[in-house]
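Structure record follows, encoded as structure tokens.
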Amino acid sequence: MKKLLNITELSKQLDLVDPNTKRPLNHILRYWEKEFKEIRPKKINNRRYYSLRQVEIIKKIKFLLKIKGMTVLGVKKYINSRAKKLDEYYPNSLEANYYKNNIKTKSKLILEKIQKIKEHGKKNSS
């Protein structure tokens, strides 16, 4: 069975959280859902659930909007363009930058987990 994420889980995973209240900013995902036809969550009991494929699309949208500073219209054009297929082969392309950023983020998380394991290991070994 495919894993589905609800809107709150996805907001937290994408770090779309208010820094003061620590509450998820679900309204951002609902706005993107209206703007991008590629995002159509499954609705069960009036709650939104996103597939893994949709999560990847949303991650790209967030990267292009928040990291690259593109506009919503620019991201729409990029997603709809056929040129992005060729874009993947160039090392400085938006697609390549997205994957590099994704790897950096995952690497940081892994290093943080290793550090926590080392710290807990030292505490337990004494």
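Key figures for this structure:
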read-out: Residue within region 80-97 that is at pLDDT below 85, closer than 24 Å to K3 by Cβ, not in a loop (DSSP other than H, G, I, E, B) and not assigned by TED's automatic domain parsing to the domain that holds N6 present; value: no
read-out: Any hit, region 38-49, residues being among the β-branched types (V, I, T), surrounded by 15 or more Cβ atoms within 10 Å (Cβ to Cβ) and under 22 Å from N102 (Cβ atoms); value: yes
read-out: Complete set of residues in region 33-69 that are closer than 20 Å to L94 by Cα, over 14 Å from the mean Cα position of the chain (by Cα) and without any contact (Cβ under 8 Å) to a residue 40 or more places away in the chain; value: G69
read-out: Answer residue from region 1-15, given it is in contact (Cβ under 8 Å) with a residue 12 or more places away in the chain and assigned to a helix (DSSP H, G or I) and is surrounded by the most Cβ atoms within 10 Å (Cβ to Cβ) among those; value: L10
read-out: Qualifying positions in region 50-79 - exposed (fewer than 14 other Cβ atoms within 10 Å of the Cβ) and under 13 Å from N6 (Cα atoms); value: L52
read-out: Restricting region 16-32 to residues that are in contact (Cβ under 8 Å) with a residue 12 or more places away in the chain and outside any loop (DSSP other than H, G, I, E, B), the residue that is surrounded by the most Cβ atoms within 10 Å (Cβ to Cβ); value: L29
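The values are calculated or read from the model by the stated rules, or taken from the named source; none is laboratory data. Since this is a predicted model, take the numbers as computed values, not measurements. Because the Cβ atoms are built from the backbone with ideal geometry, glycine has one as well, and the counts that use them run over all protein chains shown.
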